[in-house]
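J.: Please find one structure pasted underneath; my questions will follow.
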Amino acid sequence: MYKYLIIITLFIAIWFSRAYPQGSSDSLRSIEFFIEGKTEDIKGNNPAALENYKTALKFYKSPGIYYAISQIYSEQGKMQEALIEINNALRMAPDDLDYLDHKARIYYTMDNLVKSSEIFEQILSADSGNTYALYSLARIYEELKQPSKAIVVYEKLTDVAGFDLEILRRMYDIYISFKDYENCLLVIKYALKLDPFNSQFLQQLGALYIKLNRDDEAKKVLEEIFALNPDNKNVQSELVKLYFKGKQTEKGFESFAKLLGKDALNYEEKVQLGELYFNTISQDAAASEVAKNIFLQLNNQYESEWKPYYYLGELDIISGNNNAAAEKFERAIQYADTGREAYIQVGFALYRIWKNQESFSILSRGIEMFPDDFRMNYFYGLALQRQGREADAVSYFEKALTISPDEVNLLSTLAMAYNGLKRYEESDNAYERALKLDPNNILVLNNYAYNLSERGVNLDKALEMIKKVIEREPNSASYLDTYGWVLYKLKKYNEAKIYIEKAVGISGSSAVLLEHLGDVYLELKDIKNAINFWRKASELNPNNIILKEKINFYKED
């Protein structure tokens, strides 16, 4: 073995000797020391190898010797010394690809990724098929957060060397970060050629088809996975969703029943499945179509049931068709007869879309049938409040509170209603009671602070409360306005201007915010800006008489 290594060493020495002048005694001495150094190098005796290499340099300076010395320094972790020696080699042989490669690796080890990438680019300009340089450069671009450059290099690498799972994985990660699902699809297909039964690749393929709305292909892939692994619940769930999305509702119900270990689903279980998808719409837009198809099917199968009408109405609201929603809600009530839940849900849904008369009508019927229901009293109070019947609303809020005395949101609503009726002591008591139950409730803190500021009382307390709110919600226009308005009431007009301006910047379509900003400018003696913001507020709220009076009064001045 040792003789074999010596032969290799002699071969290397002969290669290096090409740079030496033939027959020179100095060159021969240099070669002798180089061979001795290489022998020690192979043995792992770096100090002896280094000493021999340096002695060889004294007789004749060769780029190969500098390269050998640089390699030893690199192995020892002496990167600065390694860099000096490889630069010496490159001064003598600037286009040597081995030397350039070594220098690039040194810079990489020194965390100088930019320099390393520049050298690998230089190597590739001379040898475009250098697979190591391509892979190294792509990895460096990734580390430099330059995925666009990295993916180009990876694509070149696959052209040169073919497909490798590690490279494909890296390409996939980059494409997925770009949301380039078409190229992700190509990568996964190549990966499956290398590993056709890889369940992870198959699931990724199915997921990509779903993202690209290629549902039939997605179903085919997921059914293949499910056939191989019937216990895969995630795949089964995705299949159920695809069946419903594709209006294969019966197949969807059957598959979901199997998922639950049942032979079939009854009506309530089918409704619950629809509700499951309905409740995920905010996180998954595709769930809207799934829920719609489920409830359409249920509506056809169970014409006398109210819930499908109700949820189809809710889906109409989501799609912006409030009139169609109101029609479906009316049908829901027709079939609900004396169903408490129907009156509560439909009544409040109509309230949410400002169908005030319809909401009030349904909740009125509901309160007659269920006078002791907490939600019925609460929602009926809200409906009365919207009609301007604040005093009547309060009596229902109070009754709801006797049924459920620890409802913080109800206490806050009641406190605001008391404040509107100038029943300030009762308002403060309700707020205090709410804060005792939930001291950090930002809605209660904001409303309480704003009511106090409007009344011009306990302003220090109001400031303390709204500061807590702003710390947690610094970008809410409503809360910023309250903070600014409390400062305004404290006559801190410059500070008030900062916060109300920020609020207007976030929500410039609020007449209240614009009027407040105008009021602040008035106190700052900037009449022109005050009138400007009052006019903007008046355009949004033309029925505000006080605004018009302020504009006319100061305009005359």
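J.: Within the stretch 196-210, count every residue that is under 21 Å from ARG170 (Cβ atoms) and surrounded by 15 or more Cβ atoms within 10 Å (Cβ to Cβ).
T.: Selection size over the stretch 196-210: 8.
J.: Shifting gears a bit: Hey, any hits in the stretch 330-343 for a residue that's at pLDDT below 95 and among the basic types (Lys, Arg)?
T.: Applying the first criterion (at pLDDT below 95) to the stretch 330-343 yields 330-343.
So of that shortlist, the ones also among the basic types (Lys, Arg) come out as 331, 340.
So far as the stretch 330-343 goes, yes, one or more of its residues are at pLDDT below 95 and among the basic types (Lys, Arg).
J.: Which pairs have Cβ atoms under 9 Å, sit 6 or more apart or on different chains, and link a residue in the stretch 524-542 that is under 20 Å from GLU495 (Cβ atoms) to one that is hydroxyl-bearing (Ser, Thr, Tyr)?
T.: LEU524/TYR493; ASN529/TYR521; ALA530/TYR521; ALA530/TYR554; PHE533/TYR521
J.: β-branched (Val, Ile, Thr) and either in contact with a helix residue (DSSP H, G or I) (Cβ under 6 Å, 6 or more places away or on another chain) or at pLDDT 95 or above (or both): which single residue out of ILE84, ILE65 fits that description?
T.: After applying the criteria, what remains is ILE65.
Let's see how each residue does on (1) surrounded by fewer than 16 Cβ atoms within 10 Å (Cβ to Cβ); (2) part of a helix (DSSP H, G or I):
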{"residue": "GLN236", "(1), (2)": "no, yes"}
{"residue": "LYS241", "(1), (2)": "no, yes"}
{"residue": "PHE253", "(1), (2)": "no, yes"}
{"residue": "GLY261", "(1), (2)": "yes, no"}
{"residue": "GLU269", "(1), (2)": "yes, yes"}
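J.: From VAL504, VAL520, VAL469, grab the single residue that is within 36 Å of the chain's Cα centre (by Cα) and more than 23 Å from TYR418 (Cβ to Cβ).
T.: Numbers: VAL520 fails: within 36 Å of the chain's Cα centre (by Cα); VAL469 fails: more than 23 Å from TYR418 (Cβ to Cβ).
It is VAL504.
J.: Since ARG433 meets every condition but one in (1) at positive phi; (2) in a helix (DSSP H, G or I); (3) of a type in the set (Lys, Arg), which condition does it not meet?
T.: The single condition ARG433 does not satisfy is (1).
J.: What's the number of the condition GLU426 fails, among (1) part of a helix (DSSP H, G or I); (2) under 41 Å from the mean Cα position of the chain (by Cα); (3) farther than 30 Å from VAL290 by Cβ?
T.: With respect to (1) part of a helix (DSSP H, G or I); (2) under 41 Å from the mean Cα position of the chain (by Cα); (3) farther than 30 Å from VAL290 by Cβ, GLU426 is out only on (2).
J.: Among the candidates LYS497, LYS491, which residue alone is at pLDDT 95 or above, surrounded by fewer than 22 Cβ atoms within 10 Å (Cβ to Cβ) and in a helix (DSSP H, G or I)?
T.: Going through LYS497, LYS491 in turn, the sole match is LYS497.
J.: Please pick out the residue among LYS219, LYS193 that is in a helix (DSSP H, G or I), surrounded by fewer than 20 Cβ atoms within 10 Å (Cβ to Cβ) and basic (Lys, Arg).
T.: So the residue among LYS219, LYS193 that is in a helix (DSSP H, G or I), surrounded by fewer than 20 Cβ atoms within 10 Å (Cβ to Cβ) and basic (Lys, Arg) is LYS193.
J.: Separate question: Taking GLU81 as the residue in question, decide whether it is closer than 30 Å to ILE69 by Cα, among the acidic types (Asp, Glu), assigned to a helix (DSSP H, G or I) and in the same structural domain as ALA68 (by TED's automatic domain parsing). Outline the logic, then answer.
T.: Details: closer than 30 Å to ILE69 by Cα: yes; among the acidic types (Asp, Glu): yes; assigned to a helix (DSSP H, G or I): yes; in the same structural domain as ALA68 (by TED's automatic domain parsing): yes.
Yes.
J.: Return only the number of the condition from (1) surrounded by fewer than 21 Cβ atoms within 10 Å (Cβ to Cβ); (2) part of a helix (DSSP H, G or I) that LEU298 does not satisfy.
T.: (1)
J.: Okay, moving on. In this structure, does ALA449 turn out to be assigned by TED's automatic domain parsing to the domain that holds ARG472, assigned to a helix (DSSP H, G or I) and either acidic (Asp, Glu) or surrounded by 15 or more Cβ atoms within 10 Å (Cβ to Cβ) (or both)?
T.: On the way: assigned by TED's automatic domain parsing to the domain that holds ARG472: yes; assigned to a helix (DSSP H, G or I): yes; either acidic (Asp, Glu) or surrounded by 15 or more Cβ atoms within 10 Å (Cβ to Cβ) (or both): yes.
Yes.
Okay, residues lined up against (1) buried (at least 23 other Cβ atoms within 10 Å of the Cβ); (2) over 28 Å from ILE506 (Cα atoms); (3) among the polar types (S, T, N, Q):
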| residue | (1), (2), (3) |
| --- | --- |
| ARG386 | no, no, no |
| ALA393 | yes, yes, no |
| SER404 | no, yes, yes |
| TYR424 | no, yes, no |
| ASN429 | no, yes, yes |
| ARG433 | no, yes, no |
| GLY456 | no, no, no |
| LYS461 | no, no, no |
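J.: Same structure, new question: Taking the stretch 258-293 only, how many residues are closer than 17 Å to GLU223 by Cβ and either within 30 Å of the chain's Cα centre (by Cα) or of a type outside the set (D, E, K, R) (or both)?
T.: Qualifying residue count, the stretch 258-293: 1.
J.: Here's another thing I want to ask about it. Of the residues ILE362, ILE367, which is buried (at least 24 other Cβ atoms within 10 Å of the Cβ), within 14 Å of THR338 (Cα to Cα) and hydrophobic (A, V, I, L, M, F, W, C)? If you could, list the steps in order and put the result at the bottom.
T.: Values: ILE367 fails: buried (at least 24 other Cβ atoms within 10 Å of the Cβ).
Result: ILE362 is the single residue among ILE362, ILE367 that is buried (at least 24 other Cβ atoms within 10 Å of the Cβ), within 14 Å of THR338 (Cα to Cα) and hydrophobic (A, V, I, L, M, F, W, C).
The values are calculated or read from the model by the stated rules, or taken from the named source; none is laboratory data. Remember, predicted model here, so these are calculated numbers, not experimental data. Here the Cβ is made from the backbone with ideal geometry for all residues, glycine too, and neighbour counts use every protein chain on show.
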